[in-house]
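Heads up, the thing below is written out as structure tokens.
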Amino acid sequence: MKRSLVVSAVTALAIVAALVAVAQAQKGQQVIYVSSAQAKYKPTPMGGVSMAGLWGEMEQGPHATFTKFDPGYDAGMHTHTSDVWIVVIKGAYLYKDDAGEKRVGPGDFLLVPGGHKHWSGGDKQEGALFYEEASGKFDSIPAK
């Protein structure tokens, strides 16, 4: 079972990478390859989160990152202005909204629509490592 999860995760990442490569090639840009294990992660002001940019400028518009949540990280209730797509690589991305809770594990996909109020965090033991893509600049707006 553990092996099938790893195979599923690798397959999902390969599909996402292929789609990103096709989209970038169509724009006349070069192929991009970044290993999640070798990426250069930078801590964020949010604390407990580090990100490695893959393409685009997250402060300005559409982008993709590898993102790490430390074990037990709690982002609190918040929204994002833009749609966010997530594929988990390792650990678990924990998600809650009015419809309930989800444990998004390796190989799993989650779409969070822009403006949708939710809570997110990292597994208490492993944290989370995930590919994240957004249709606009990155933001996290605390929910009231």
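Throughout, read-outs are computed from the coordinates displayed, never taken from laboratory work. All values derive from a computational prediction rather than experimental measurement. Cβ placement follows ideal geometry from the backbone for every residue including glycine, while neighbour counts extend to all protein chains displayed.
In the frame of its principal axes, segment 82-127 has Cα extents of 29, 17, 14 Å, reported largest first. Listed values for segment 57-63 are Karplus-derived 3J(HN,Hα) couplings in whole Hz (6.51 cos²θ - 1.76 cosθ + 1.60, θ = phi - 60°), namely 10, 4, 7, 10, x, x, 6, and x replaces Gly and Pro.
Of the residues TRP119, PRO106, VAL88, the one whose Cα sits farthest towards the positive end of the charge dipole of segment 83-144 is TRP119 (charges of +1 on Lys and Arg Cβ, -1 on Asp and Glu Cβ, taken about the Cα centre). Given the pairs LYS42/LYS90; LYS40/LYS90; LYS42/LYS144; LYS40/LYS137; LYS96/LYS144, which span a C-alpha to C-alpha distance of over 23 angstrom in this model? The pairs that break the limit, which is 23 Å between Cα atoms, are LYS42/LYS144.
With an a/c value of 1.5 or above and a/b not larger than b/c for the gyration tensor axes a ≥ b ≥ c computed over the alpha-carbon atoms, segment 52-144 is described as oblate.
Counted by Cβ distance under 15 Å from SER35, the other residues give a net charge of +3, where Lys and Arg count +1 and Asp and Glu count -1. Sorting 39-52, 69-82 by average packing, meaning the other beta carbons within 10 Å per residue, from highest down gives 69-82, 39-52. Computed over neighbours whose Cβ is under 15 Å from that of ASP83, the net charge equals -2, Lys and Arg +1, Asp and Glu -1.
Of the chymotrypsin sites (Phe, Trp or Tyr not before Pro) in segment 79-144, not one is in a loop by DSSP (not H, G, I, E or B) with at most 14 other beta carbons within 10 Å. Here the ratio of the Cα radius of gyration of segment 34-78 to 2.2 N^0.38 Å is 1.21.
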